[in-house]
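Report on one structure; see the data block that follows.
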Ligand code: BGC
């Protein structure tokens, strides 16, 4: 388990066992605490924001339960202490809004640092103190703000320049295609790797902005840039360094014909193939002042990529973790195999000493052959090989720069000596999203499944959500993207990431509304399979549900509508008949047109809900009536009144209409009965679904009161199941239910079947939102206390704050620890298990005596008993509820 996961699990355990007994914070502090977790455009103190009206969010804390924000005041300033409100003072705004509040001050200028703070008023109109100061840096708003040209050609570029004075502020804005490493005065700038993030370069190219104030000096300075190919066909650089001196003067250094270039030690680089690095070609000091670059040539200009330069407003790709190998073997002469114990994306850091010119080969794979040698067959054409050629001066440390691999095993060949376990380390590389969710429970296999989900997901975040991280693909397949999105949003802080990816989708959209199967578009077709294209409406909708992002809906509404209208032009009798993949990699196939028509319906509903959220009344009408038509046509065409099943009666065929309430009331029982029978008896408690059916299967089972069965599927260990992957040594999720190791399509790190992760939180921890809620304003806690499950601890750091649902069950006694953030409210549903009479306690005090709600406990608004459940309505705060059979 990596350190981060340990930490989160440890904190979750703390929450279960200790916190409910503590007052909310230290005893002396009462009232509203200063807001914390300040974010600008989802990011913490970002550099390089190029939206004119950035949006601000904050989290609230309070010593009392049942608290809300009734007003806020936000101040934006150029003063680091925010003692003057020279840019914006919102004044006291009567509003409960704490998420994505749009800037309304004086027009922001390019390349400036702004500081901000916020305070809030609670239920009783008590103001909090101001938050700590947060900041954001603007990027370059206008094309004219860029003074330089695109330059490039070779893979090493440099420029010396001098500064006469004391540097007060230095910001560099840089984009190097396909990838760059920026160096200033001998040091790497920032921690980004594989930068910039991938986009459709003909439409949009991302630049990053760095604070380099401390790296600049009075006197001679030098910039050095290494360029890699990445996803680009040419190596190009656009750079601008803006310097402000204490003395008042401003200096700008930018990319132009005065830069010099040469070929560097990176002899070859490709994402799939790997890197060849000849350390003999290194030139010491090339990125420092005083280096003689007269032998270098003048850079080329004139190639100008079409895309607009936009600020990269997502967490960058970084080295996130280091992995120590767990084993080293020597299956053949001169060949050493390291087992990293975990499938991940990234590279190896090699330590080697030996003679000059000696070549060391590192090959990467997910699998080994029986004889212990490396099996790269399932990487297809991806060579995944890094070659290091020694310079021969003592210990040399090497990691590649412009490639990455998906692997668990490393083959080391040509090592000058006998390697040791210290020879290599694994470097885990992916987009630096924060983990914000934790799930653990009393069932080991589910904890292992959660671990697989987390590793598969994060190691497939490479500025786009990739399908896999190892073979010759690693593309933004839209199907995979939407199927994993909900669990991603519960496990990681994805707001900025999906905002960017939704823009990427918009960037491939044609005037006719069509989308492509992959984004950026490399493989697959236009128009996208409807089960893939649905990523556009669904991701927008999830952004609203999970982050309350209304402005994203406004910005994307027309695009989504164009997409839906395109589908409408393709519809025949209100249904779609085209499909490329359908319920991909299913064990039992379901007709593609059926899956496409389901998504046509889902897309129209999503658009209609977007219209509802935005109050677009006439649009609501239009799309409600279109949805009704599709629903009717769908049922009519696909429902077989005799078998009481849809289409060809597969599990997926019955799951999809049940999920979207297409099945008429009177048929639900029999359709659902058929689904259960198929799982239980025809397939001996196994699923037969592909990626589409699997996403909705578990939720449908829970929706129709069969969480026990969903649990059996989730904990199943024979083929096909997640447990079967685990039993066969998986450390990330496979692409196929089958265990394959040959040259065919069978990646061992494919996050798409991780959609089940959403069910772990929604059903077992029971953390959901009721219909109509967004951004966790209203929370519904309804844990499914199934079978032999004794406890579950679930925590999500939602944009509003921490939501926890942790329960234990023993005998006739349930304990549930709940945390609800300030400004949210919740309804809790506890199962009664048919117990005769129950009482309910909160933090030891009885609040329900089996007949009525005993008022008086702060934050608890109501307790109600129904036939099967006890329902408790609460405001914000921490609670410990105990339901006891009497
Ligand atoms: C990818 C999938 C993708 C599919 C399209 C595969 O090659 O790896 O995950 O969704 O193609 O059917």
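The values are calculated or read from the model by the stated rules, or taken from the named source; none is laboratory data. Remember, it's a predicted structure, so these values are computed and weren't measured experimentally. As a convention, Cβ positions derive from the backbone with ideal geometry for all residues, glycine included, and neighbour counts pool all protein chains shown.
Here are some notes:
- Per the listing 536, 498, 547, the residue uniquely more than 24 Å from residue 583 (Cα to Cα) and crowded, with 22+ Cβ neighbours inside 10 Å is 547.
Condition check ((1) free of Cβ contacts under 8 Å to residues at least 40 places away in the same chain; (2) outside any loop (DSSP other than H, G, I, E, B); (3) closer than 22 Å to residue 825 by Cα) across all residues:
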| site | (1), (2), (3) |
| --- | --- |
| 91 | yes, no, no |
| 96 | no, no, yes |
| 107 | no, no, no |
| 123 | no, no, yes |
| 129 | no, no, no |
| 136 | no, yes, no |
| 148 | no, no, no |
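- Counting only residues that are farther than 17 Å from residue 570 by Cβ, in contact (Cβ under 8 Å) with a residue 40 or more places away in the chain and surrounded by 17 or more Cβ atoms within 10 Å (Cβ to Cβ), segment 620-642 holds 1 of them.
- Some residue of segment 554-566 being closer than 22 Å to residue 662 by Cβ, in a helix (DSSP H, G or I), under 25 Å from the mean Cα position of the chain (by Cα) and more than 16 Å from the ligand (Cβ to nearest atom): yes
- Against the criterion of being in contact (Cβ under 8 Å) with a residue 60 or more places away in the chain and within 30 Å of residue 408 (Cβ to Cβ), residue 713 does not qualify.
- Filtered by the rule that a residue be over 14 Å from residue 783 (Cβ atoms), part of a loop (DSSP other than H, G, I, E, B) and in contact with a strand residue (DSSP E or B) (Cβ under 8 Å, 6 or more places away or on another chain), segment 862-886 gives 875, 876, 886.
- Residues located in segment 205-263, provided they are more than 28 Å from the chain's Cα centre (by Cα) and without any contact (Cβ under 8 Å) to a residue 60 or more places away in the chain: 212, 213, 214, 215, 216, 217, 218, 248, 250
- Restricting attention to segment 333-349, the residues being in contact with a strand residue (DSSP E or B) (Cβ under 9 Å, 6 or more places away or on another chain) and more than 22 Å from residue 190 (Cα to Cα) number 11.
- The residues of segment 502-521 that are part of a helix (DSSP H, G or I) and over 16 Å from residue 483 (Cα atoms), listed by number, are 503, 504, 506, 507, 508.
- Subset of segment 505-529 [in contact (Cβ under 8 Å) with a residue 60 or more places away in the chain, under 15 Å from residue 558 (Cα atoms) and either within 12 Å of the ligand (Cβ to nearest atom) or buried (at least 20 other Cβ atoms within 10 Å of the Cβ) (or both)]: 508
- Selection status of residue 538, within 16 Å of the ligand (Cβ to nearest atom) and either in contact (Cβ under 8 Å) with a residue 60 or more places away in the chain or over 23 Å from the mean Cα position of the chain (by Cα) (or both): yes
- Candidates 742, 811 - the one that is within 16 Å of the ligand (Cβ to nearest atom) and more than 27 Å from the chain's Cα centre (by Cα): 742
- Among the candidates 714, 710, 727, residue that is surrounded by fewer than 20 Cβ atoms within 10 Å (Cβ to Cβ) and under 30 Å from residue 458 (Cβ atoms): 727
- Residue check, residue 544 under 30 Å from residue 775 (Cβ atoms) and within 16 Å of the ligand (Cβ to nearest atom): no
- Extreme residue, nearest to the ligand (Cβ to nearest atom), among residues of segment 446-490 that are in contact with a strand residue (DSSP E or B) (Cβ under 6 Å, 6 or more places away or on another chain), closer than 18 Å to residue 501 by Cα and outside any loop (DSSP other than H, G, I, E, B): 477
- Inside segment 571-585, residues that are over 15 Å from residue 533 (Cα atoms) and within 16 Å of the ligand (Cβ to nearest atom) make up a count of 1.
- Against the test of being more than 28 Å from residue 444 (Cα to Cα) and buried (at least 21 other Cβ atoms within 10 Å of the Cβ), the options 879, 848 yield a single qualifying residue, 848.
- Subset of segment 354-406 (residues that are closer than 16 Å to residue 734 by Cα and in contact with a helix residue (DSSP H, G or I) (Cβ under 9 Å, 6 or more places away or on another chain)): 365, 366, 367, 406
- Filter result (in contact (Cβ under 8 Å) with a residue 12 or more places away in the chain and over 30 Å from residue 458 (Cβ atoms)) within segment 306-337: 306, 331, 332, 334, 335
- Residue in segment 757-767 that is at pLDDT 95 or above, more than 16 Å from the ligand (Cβ to nearest atom), closer than 30 Å to residue 377 by Cα and buried (at least 23 other Cβ atoms within 10 Å of the Cβ) present: yes
- Candidates 698, 752 - the one that is away from the ligand (no atom under 16 Å from the Cβ), in contact (Cβ under 8 Å) with a residue 60 or more places away in the chain and either closer than 30 Å to residue 381 by Cβ or assigned to a helix (DSSP H, G or I) (or both): 698
- Residues in segment 726-739 that are within 20 Å of residue 484 (Cβ to Cβ) and within 16 Å of the ligand (Cβ to nearest atom): 6 in all.
- Within segment 456-479, not a single residue is more than 19 Å from residue 198 (Cα to Cα) and surrounded by fewer than 22 Cβ atoms within 10 Å (Cβ to Cβ).
- Residue 675 being part of a helix (DSSP H, G or I), in contact with a strand residue (DSSP E or B) (Cβ under 9 Å, 6 or more places away or on another chain) and surrounded by 13 or more Cβ atoms within 10 Å (Cβ to Cβ): yes
- Entry remark, segment 315-337: residues being within 28 Å of residue 467 (Cα to Cα) and surrounded by fewer than 24 Cβ atoms within 10 Å (Cβ to Cβ) number 11 in total.
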